[in-house]
Amino acid sequence: GDVAHLAPSESSLGDLHQAVRPALLVFPQFRAGAPLSLQEVPAYEAFGKLAFNSFNYHLLGPVAFDVVATLAERCPAYAIEYGDIEAAVACIRALLAEAVAREGRA
């Protein structure tokens, strides 16, 4: 497939040094005409998906392992299959709102 990197927006650049903590892991899969399908992903499977899809995982060794393990352990993870991007975005926004509320973040 094709890979594209987008330049950050001006507002994003202003937040460059602001620390953030991930709240959710989503593994999307587009399939033309597919109804929205959402499935929880267990932490061990999320770990594998993250490690496999991290292009520099092997270069960072133990550091990568620790970061990926922490993400997989702390963040709820979901696989989403969709054919309609608007429905997928609405679903992900709802999942994120749930995760943020569960952690008591603003």
Checklist entry - Which one of A32, A94, A43 has the biggest mean-square fluctuation once the chain is modelled by GNM with Cα springs under 10 Å? => result A32
Checklist outcome for this item: Among Q18, I85, H5, the residue whose Cα sits farthest towards the positive end of the charge dipole of the chain, when +1 is placed on the Cβ of each Lys and Arg and -1 on the Cβ of each Asp and Glu, is Q18
Checklist entry - Summing -39500 (n - 2.57) over the DSSP H runs of n ≥ 4 in the chain and dividing by its residue number, what mean residue ellipticity at 222 nm do you reach, to the nearest 500 deg cm²/dmol? => result -14000 deg cm²/dmol
Checklist entry - Which FRET efficiency value, to the nearest 0.05, do you get for L59 and A97 by plugging their Cβ-Cβ distance into 1/(1 + (r/R0)^6) with R0 = 30 Å? => result 0.30
Checklist outcome for this item: Spelling it out for G83: with amide H atoms placed in the peptide plane at 1.01 Å from N, the residues 5 or more places away or on another chain with amide H under 5 Å from its amide H are R31, A34, L36
Item to check | segment 5-106: trypsin sites (Lys or Arg not before Pro) in DSSP loop, at most 11 other beta carbons within 10 Å | outcome: R31, R105
Checklist entry - What accessible area per residue, rounded to a whole number of Å², is obtained for the chain using a probe radius of 1.4 Å? => result 76 Å²
Checklist entry - Counting pairs of alpha carbon atoms under 8 Å apart in space and at least six apart in sequence, what relative contact order in percent does the chain give? => result 41 percent
Checklist outcome for this item: On the accessible surface of the chain, probed at 1.4 Å with all protein chains in place, carbon and sulfur together account for a percent value of 59 percent
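Send over the semi-axes of the chain's equivalent ellipsoid, whole angstrom and largest first, taken as the square roots of 5 times the C-alpha gyration tensor eigenvalues.
22, 19, 18
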Checklist entry - Once amide H atoms are built 1.01 Å from N in the peptide plane, which residues 5 or more positions from F27, or in another chain, come under 5 Å H to H? => result Y78, A79, I80
Checklist entry - If you plug each phi of segment 38-52 into the Karplus form 6.51 cos²θ - 1.76 cosθ + 1.60 with θ = phi - 60°, what whole-Hz ³J(HN,Hα) values come out, in order, with x for Gly and Pro? => result 10, 9, 5, 10, x, 4, 5, 6, 4, 4, x, 5, 5, 4, 5
Next on the checklist: Through the Karplus equation 6.51 cos²θ - 1.76 cosθ + 1.60, θ set to phi - 60°, convert the phi angles of segment 82-93 into ³J(HN,Hα) values in whole Hz; use x for Gly and Pro.
Outcome noted: 8, x, 10, 4, 5, 5, 5, 5, 4, 5, 5, 4
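The values are calculated or read from the model by the stated rules, or taken from the named source; none is laboratory data. Remember, predicted model here, so these are calculated numbers, not experimental data. Positions of Cβ are backbone-derived with ideal geometry, glycine not excepted, and every protein chain shown enters the neighbour counts. In case anyone asks, the SASA skips ligands and DNA or RNA and just uses the protein heavy atoms, side chains included. Shrake-Rupley method; radii C 1.70, N 1.55, O 1.52, S 1.80 Å.
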